[in-house]
Every structure is written in C-alpha cells, then in structure tokens.
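Working notes, structure below.
The values are calculated or read from the model by the stated rules, or taken from the named source; none is laboratory data. None of the values given here were measured: they were computed from a predicted structure. Please note: Cβ atoms are built from the backbone with ideal geometry, for glycine as well, and neighbour counts cover all protein chains shown. Heavy atoms of the whole protein, side chains included, go into the accessibility calculation; ligands, DNA and RNA do not. Shrake-Rupley method; radii C 1.70, N 1.55, O 1.52, S 1.80 Å.
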Amino acid sequence: MKQMRPNDMMLQVSMRLITLIIFAFSFYLFLAGHNNPGGGFIGGLMTASAILVLYLAFDMKTIKKAIPFNFTTMIGVGLLFAVFTGVASMLFGFPFLKHFFDYFQFPIFGEVELTTALPFDLGVYLVVVGAALTIILAIAEDDK
Amino acid sequence: MNNLIILPIIIPFIIGAVLIIFPKHHRLQRVVSGFTAVGMLLLSIYLAIVVYQNGIIVLEAGNWSAPFGIVLVADMFATLMILLTSLLSAACLFFAFKTITPQREKFYFYPFYFFLLVGVNGAFLTGDIFNLFVFFEVMLLSSYALIVNGGTKYQLRESFKYVIINVFASALFVVAVAWLYSVTGTLNMAHISERIAELEQTGVVNVIAIMFFIVFASKGALFPLYFWLPKSYFGPPAAIAALFGGLLTKVGIYAIIRVFTLVFYHEPSYTHKAVIVTIAGFTMLFGVLGAVSQFDFKRILSYHIISQVGYMVMGLGIFTPLAVAGAIYYIVHHMIVKTALFLFAGAAERVTGTTDLKKMGGLLKTHPVLSWLFFISAISLAGIPPFSGFFSKFPIILAGFQEEQYIISGVALLVGLLTLFSMMKIFSYAFWGKQKHTNEQAKLPIGKLLLPIAPLVALTIILGIAAEPIFQYSLQVAEQIMDPSIYIESVLKE
Amino acid sequence: MEVLMSIVIGIIFTVSVYLFLSRSIIRVILGTLLLSHGVHLLLITMSELQRGAPPLLNLDADAYTDPLPQALVLTAIVIAFGVTSFLLVMAYRTYKEHKTDDLEELRGSADE
C-alpha cells in the first residue's frame, strides 16, 4: 500500500519564517546575556528548539543537508572554546578565568562593550545546542 | 605560579573535549589518552612536592578575592588524593587498552573517562561548597555514562538504581547547601568555618552537619546507604569497575573528612564520636558480612569496598591526629590495593570467562604470576604484616583503644578477621583446587594485562616496608587538616 | 511569602517522593524532575525572597538583592537539565532492551 503523505505545506512554509524569528531571538538572547537576562545556555536551548522545529516540519535527510554539522563535534568545540577563554588569561600570567572588558567604537553599532565572557558564552552556547540535539536525535534516529 | 593547581582540572577537560571531536580514531584516542595519563601522573607528583615544601597554594579563579569568588585550594590532603587519582586512572586506562572492546570505545569511553577525572580532581581541589556540588555532578554524570557503557541488559537495569540514588542524594546536597547558605550567608568553606565558629555549633548547625553527612554517605556507600554499590559495580567492564571501586566512593569519604575537619568540628562528642563512629561500625560489619555471604569474585570485592570505607570513617570518628592519620594512610592503601584486586578479577575473568567462584579453580597452576600477585594484594587487604594493610589499620585501632572506644575497635578487629576469611575463600576457590577452565583458556597470554597492575602491587609492598616515612607524611597531613586555622588563613589571608 | 513558598515546596517534595515510589520508570524520572524543581525553589527561598536592584556599583537603590542564590539556582537548573536528559535516554534504552518499564520486573534475581 502506498504510504499517505500528510499535506504539510502550510507547516513547512510557516516554519521557514518562524525558525528565522526564533534564530534571531536566540542570537539576541545570547548577546544580551552579559548584563541582562539571557546568555549562552538559554540562547542555545532556543536555537536547539528552532532546529527541532525544522526537523518536525521537514524530514531528517533534508535538514542534514541544510545543517551539515555533526552535533557531537559541536559539544567538543564548545567545551574547547569555554576552557581556552580561561586558559588565555593564564598565558598572560593572570589567574584562571580572569575577565577583561573594554569599550570599542564600531561604524554602525556605535560604542559596544566587548568582554572575554563572550567567547566563553559562545562555548556554552555550542555545548548546549550540541548536547540537546544529540540527545533528542539519538532517540529519534533509533525509532526506525 | 598559583595557576599550577588548576592544571589537574583543565588538562583532562581539554583532552576530553578534543577526544569528543575524533570519536572514530581509536588509535589516536589511545595514544593521546595514554600520554595524558602519564603526564597527569608526573604533574601530580610535582604538585604534591611543591605543596609539601611551600605549604598550601590558593588560586582565586578570575582574580575575585577569597570570600566572594571561587577559590581552589591545594593542601597536602588534596594533592595526595590527586596523586592517587592519577596513579589509579593511569593503571586502569592501560588495563582498558588491553581489555575494552571497540563497541565500548565507540560510546565515548575515553572522553567520559577524562571528564570523570575533571570531576574528581575538581572535588578534591575546590574550596567552595557549591563548587564541590558542581564537580560532584560532573563526576557523577561521567560515571553514569561510563557505568552504562556498552549497554548490556544487566548494566541498564542496575545502573538505573545507581543513577536514581545519586540524583536523590544530589538533590539533598543542594538542600543542605541552601540551609548552610541561609545560616552563614557564604559558600566559601574557609569563610563558613569562621562563621560557624562564631555561631557555636548547636541545633540547626548540627542538623545541617548531619544532612551533609547523609549526602556524602550515600555517595561514599556508608551504612545504610550502600545497597546500590555491589550490584552496580558488577556490570561494567573490569577497567571501569576498578576505577570506580578505587576512586568514586573515596571522593565521598574525602568530602566527609574535609567538611567534618574544616567546618563542623566543634561538637566532636556528638557528630564524630556518636554518629560517625556508630555508622562506621555498622558499615564495616554489614559490608564484611555481605562479602562473606557472596560467591562471586567481583561481588566479594565490591562488598569489601563498603567494609573498608567504614575503617576510614572510623578513623575520622575517633578524631585524634593518630586516628585521622591512620584513616589517610588507609585511604592510600585501600585505593591502590582495591584497584589492583578489581583488575586481577578482570584478568581472571579474561582467562576463565566467569567471576563465579564455583566455576573457577586451578588458576595457580596455569597462571602462577597472576595468582601470587593476587595473593599479596589479598593478604595486604586483610591486614597481614609486612604489607600496607597492617600498618594502616594499626594506628586506627590503636587510637580507638587510646580513646576508650572499645566496641568499635573490637568490631574493626573482627572485620579484619572476616576480611581475611573471604579473601582466602577467593584464593582457595579460584586459584587452588582443580582446574576448571579448558586448556585453550589456560594458554591465553595475560602477561600484558598484568603490566599495569604490577606497579600497584609493588606499591603496596613499598607502603608496607617503608611504613615509617609514609606514616609520618600521613601524620603531617592529618595535623594540617585538623588545624582549620591553617586552611582559613591561607584562603582568607588575614 | 516565605511561608507560602515553604508550603509549596513541601507539596512538591511530597508529590516527587510519591512518584519516586511508583513502579514505572518514567514516573520515577518525573519524580526526579519535580524534586529538582522543589530543591531549586528551596534554594531561592532560603536567602529570603528579596526585591531590589542588582548590586552593581553605579546603581543607586533603596534595596539590593543577593545575586548569589540566583546564580546557584541557574547552575543547579543546568545540571538538572543534563541529568534529566541523560535519564530519559537511559530509560528509553532500558525499555528497548528489556521490553518493559516496570521496575518490579527490572528487579533482577538474587543469585546473579
């Protein structure tokens, strides 16, 4: 018997738009994290949820083509990012994880505060996205 | 200079993260992890020497000064534990190279192995009670992953119980930290100790102390919270079981000793001499009775972990410098010998294909080296001179008699006797008697398996022969941890 | 407010212990989840439920809040997240291997 495919055109079209919004908001949360609510963890979870929504709307193969990362590798890279932020300050003779910040002038954004917490948070972000998706996909792919 | 003490935490962290990225390159993983294990061993020896010569090293992470930021404190006790950890992890890792199957390696065995070391070393080094919780969780999460590694039916079934009891204990840990924070308003252990000294340890502080004891007791497998241990340590492969048996419960014991010498030391007549000593007695007795009743190589060893954890806690409970030094010596002895014994069980299982004593026999004839090395470790565990077991039990029991704790000392002596009995049971069933394994099995070469274990056996002999200097060292460690003002001054710099 | 919170925490603990004692794996995991929520609420309540500005140098306010418990709770939440997701995967694998999620059937026999 031919398998019935549900008509999910509405879902697919609307998801393309919605995931874009979620991605943008998660990126905002990630950057806002230093002095406001947000940060790598919550931003990462939101990105993971956006990717999951894509998985729901489309099938596994399409998304694998669209997002060609290995999520487990992402965990490793994220951990390295986080730890090397701490190690970097050791190389200059400061204690582990010493935190630096300064204000820079950028053409469009104006004055922006850049801190060494940012690469650390990027590491957290990558770890969270990688771990959440690895765990969920491990179960999803198993069910065949 | 102070950054030196973060290295035992971040080196395994970096290596673990790198190994996640290359999960399929088994050869690369082995080479990298082997070199790291040796490097860690050298580093921890260096660290122990530096701390021995220069006193306590304190690192304020992120340059936030003491009571506000997180501190890492390397005193003699912590560096000793890190040294032992590196030693055991190297031995188990080299044993794993020879025994572990590629399917298990594929499940991120090496990354989790190193994350486990991150958690363990972090728990030894941290000077912050909440940070201790975090490192405990790092350690436990990696241990969950390692204990189900391979995913056999038995492992999945028993590990679930292991995970649930630990999750529950961790929740209680957070509760205890919350109470402590609401009473003292700080998380830095040196600062907490100061505040508790001002408060006087009564009422609610005692409740918090016992709460911490319950939390660490369930991680360290004390009576009555030990039931998860024997079954869950039976499932995983020998290298992992040996690492867990040698290491994990001792992290709980370390935390008990640290907390009850640094923070809750004002009411020893209640917390130490009543609660801890009683629990220690029951732990020893029930552990050894469990071992006597078993007929399986690995299960007997698992039950002996419980009974011997009781000795360490008994040393703390008697709470004189001699007894605490004995407890520290006992930890050193136990970690080395117990790991060696578990690895011997793995080697014997390699030959006979089982760990059921009734189906084993005659190993002495076919594998004499294995048998005699096992014999040395076994009688060392039971406390026969001139090996390390005797010289580590002796000060604890001596201190027990000095402090007129006759019942617990009697129990300790009885438990020593029963330990000897169950060790001899293993020896007579598995090594003596008729050969029950086939001739093909008898020809299996296991010389390479014994290479990582031999240094551990050599160490137990050395620890016995050179008991005097090592006991002096333990005594110094004990005096350092029993005088909290040294720790507090070096952390808070007053 | 603290009293109300204590009652809520008590109820959460009761429910989670009840779930812990049930026979289905997934209920036990829900119990751990609820327990961690209760613990986190306890942690935030234990330092009093304060209202006020964050304790930053350039802020001028009548009252400041203690940021430490919030940082601790955040850390504890992340850890609970990790543990719960691990437990769910493990429960799934156990179910696949044993074809049951009944803990009574997962007891194991005494002699193995």
* Label 7 Å along Cα→Cβ of B:Val204; segment B:168-183 residues with amide nitrogen under 13 Å? -> B:178-183
* Asked: How many angstrom separate the Cα center of segment B:196-242 from the Cα center of segment B:116-189?
  -> 11
* Would you rank B:Leu301, C:Leu56 by solvent-accessible area, highest first, keeping every protein chain in place and using a 1.4 Å probe? => C:Leu56, B:Leu301
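Could you work out how much longer the chain between A:Asn35 and A:Met9 gets when fully extended? Use 0.36 nm per residue separation minus the Cα distance between them, nm to one decimal.
In short, 5.3 nm is gained.
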* Asked: For a paramagnetic label modelled at 7 Å from the Cα of A:Phe94 toward its Cβ, which residues of segment B:55-75 fall within the zone defined by backbone nitrogen distances under 11 Å?
  -> B:62-64
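Rounded, prolate or oblate for segment B:1-88? Axes are the square roots of the Cα gyration tensor eigenvalues, ordered a ≥ b ≥ c, and the cut-off for rounded is a/c under 1.5.
It comes out oblate by the Cα gyration axes.
With a 1.4 Å probe and all protein chains left in place, how much accessible area per residue does segment B:2-492 have, in Å²?
In whole numbers, segment B:2-492 has 32 Å² accessible per residue.
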* Specify the inter-centroid distance of segment B:25-48 and segment C:24-64, based on alpha-carbon positions, in whole Å. => 40
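How many Å³ per residue does the convex hull of the Cα positions in chain B occupy? Working shown, then result.
On the way: hull volume 62.7 nm³, N = 494.
It comes to 127 Å³ per residue, whole-number rounded.
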* Short version: what are the Cα gyration tensor semi-axes of segment A:9-142, square root of 5 times each eigenvalue, largest first, in whole Å? -> 31, 19, 10
* Asked: Once you put a point 7 Å from the Cα of B:Ser293 and another 7 Å from the Cα of B:Phe97, both along the Cβ direction, what distance in nm separates them?
  -> 4.2
* Structure fact -> One finds, for C:Asp62 and C:Glu2 with R0 = 30 angstrom and r their Cβ-Cβ distance, a FRET efficiency to the nearest 0.05 of 0.90
* **Within the protein assembly as shown: Cβ-based charge dipole about Cα centre, in debye rounded to nearest 20 (Lys, Arg +1; Asp, Glu -1)** => 3540
* Mean accessible surface per residue for segment A:9-142, computed with a 1.4 Å probe while every protein chain stays in place, in Å² -> 58
* Structure fact -> Helix-only [θ] at 222 nm, chain A, -39500 (n - 2.57) per DSSP H run of 4+, per residue, nearest 500, equals -23000 deg cm²/dmol
* Asked: Taking R0 as 30 Å, what's the FRET efficiency between A:Tyr28 and A:Ile139 from their Cβ-Cβ distance, rounded to 0.05?
  -> 0.50
* In nm, spacing of pseudo-spin labels at B:Gln53 and B:Phe401 (7 Å Cα→C-beta vector) -> 4.1
* Within the accessible area of segment B:420-494 (1.4 Å probe), percent carbon and sulfur -> 66
* Tell me, what is the percent relative contact order of segment B:1-112, built from C-alpha pairs under 8 Å that lie six or more residues apart? -> 36
* Asked: Which FRET efficiency value, to the nearest 0.05, do you get for B:Asp483 and B:Glu267 by plugging their Cβ-Cβ distance into 1/(1 + (r/R0)^6) with R0 = 22 Å?
  -> 0.80
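Using Cα pairs under 8 angstrom and six or more residues apart, how large is the relative contact order of segment B:2-492, in percent?
This gives 16 percent for segment B:2-492.
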* Can you run phi through the Karplus equation (6.51, -1.76, 1.60; θ = phi - 60°) for segment C:14-19 and list ³J(HN,Hα) in whole Hz, with x for Gly and Pro? -> 4, 4, 5, 5, 4, 5
* **Nonlocal amide H pairs with B:Gly361, under 5 Å, H built at 1.01 Å** => B:Lys436, B:His437
* Structure fact -> The extension gain from B:Glu440 to B:Phe421, computed as 0.36 nm times the residue separation minus the Cα-Cα distance, is 3.7 nm
* To do: Treating only the Cβ atoms of Lys and Arg (+1) and Asp and Glu (-1) as charged, compute the dipole magnitude of chain A about its Cα centre; round to the nearest 20 debye.
  => 540
* Asked: Using a basic spin-label model with each label point 7 Å from the Cα along Cα→Cβ, how many nm lie between B:Phe68 and B:Lys448?
  -> 5.6
* Asked: How long are the three semi-axes of the equivalent ellipsoid for segment C:8-67, computed from the Cα gyration tensor as the root of 5 times each eigenvalue, in whole Å, largest first?
  -> 37, 10, 5
* To do: Give the shape of chain C as rounded, prolate or oblate, defined through the alpha-carbon gyration tensor: a ≥ b ≥ c are the square roots of its eigenvalues, a/c under 1.5 means rounded, and otherwise the shape is prolate if a/b is larger than b/c and oblate if not.
  => prolate
* Asked: Which sequence of B:Trp432, B:Trp228, B:Trp179 reflects their accessible areas, 1.4 Å probe, from the largest down?
  -> B:Trp432, B:Trp179, B:Trp228
* Structure fact -> Applying the gyration tensor rule to the Cα atoms of the protein assembly as shown (axes a ≥ b ≥ c; rounded if a/c under 1.5, else prolate if a/b exceeds b/c, else oblate), the class is oblate
